[in-house]
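The values are calculated or read from the model by the stated rules, or taken from the named source; none is laboratory data. Keep in mind that what you see is a predicted model, and the values were worked out from it rather than measured. Methodologically, a virtual Cβ is constructed for each residue, glycine included, from the backbone with ideal geometry; neighbour enumeration extends over all protein chains shown.
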Amino acid sequence: MAFNKKNIFPDSEQRIAAIAKALSHPARIVILRELAQRNTCVCGEIVEVLPLSQATVSQHLKELKQAGVISGTVDGTKSCYCIDWQVFDDYRTSVINFLNELQKPVELIECC
C-alpha cells in the first residue's frame, strides 16, 4: 500500500501547497480575475470568457472549489461561483510570510 508522504508536513505547508497547485493553471487565474472583477457570484458566463469547453471550465472550477479558493452553489444545471475572500486573504498572508522567511542572505555564498 502506498503512503502519502504529504501528511508528514504541517497543515500550514500543506494548505499553501494545495492552493498553489489550484492556482497553477492559467485558466484558473483568468477565472479568479473574472470573479474578482465582477465582485458577485458568477454563473454560466465564465464559459463565455474562456476559449475552453464547458466541461473543461467545470473541471477548473472544481479544482478551485476543492482548494477552498472559491465557493459555489449548484441548482439543477445552474452553478454559481464567487471567491471566498477569507480563504484568499489567509492564503495571501501565508505566502507573504513564507516569502519573507526566504530573505536573501546579506552575504551571498557562491553556489552552483
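Out of everything in segment 74-91 that is more than 19 Å from GLY44 (Cα to Cα) and among the charged types (D, E, K, R), what residue ends up being surrounded by the fewest Cβ atoms within 10 Å (Cβ to Cβ)?
For segment 74-91, the residue satisfying everything is ASP89.
Given GLN103, GLN86, which one is assigned to a loop (DSSP other than H, G, I, E, B) and not small (Gly, Ala, Ser)?
GLN103
If you check SER94, SER71, which single one turns out to be under 14 Å from the mean Cα position of the chain (by Cα), surrounded by 11 or more Cβ atoms within 10 Å (Cβ to Cβ) and either of a type in the set (Asp, Glu) or part of a helix (DSSP H, G or I) (or both)?
Being under 14 Å from the mean Cα position of the chain (by Cα), surrounded by 11 or more Cβ atoms within 10 Å (Cβ to Cβ) and either of a type in the set (Asp, Glu) or part of a helix (DSSP H, G or I) (or both) holds for just one of SER94, SER71, which is SER94.
Among the numbered criteria (1) over 20 Å from ILE29 (Cβ atoms); (2) touching a residue at least 40 places away in the same chain (Cβ under 8 Å), which one does LEU102 miss?
(2)
From the residues in segment 1-19 that are among the small types (Gly, Ala, Ser) and touching a residue at least 12 places away in the same chain (Cβ under 8 Å), which one is farthest from GLN59 (Cα to Cα)?
Result: SER12.
Among the residues in segment 40-54, are any within 28 Å of ASP11 (Cβ to Cβ), modelled with pLDDT of 90 or more and surrounded by 11 or more Cβ atoms within 10 Å (Cβ to Cβ)?
no
Kindly check whether there is at least one residue in segment 38-51 that is among the small types (Gly, Ala, Ser) and either under 22 Å from PHE98 (Cβ atoms) or within 11 Å of the chain's Cα centre (by Cα) (or both).
The answer is no, given that none of the residues of segment 38-51 is among the small types (Gly, Ala, Ser) and either under 22 Å from PHE98 (Cβ atoms) or within 11 Å of the chain's Cα centre (by Cα) (or both).
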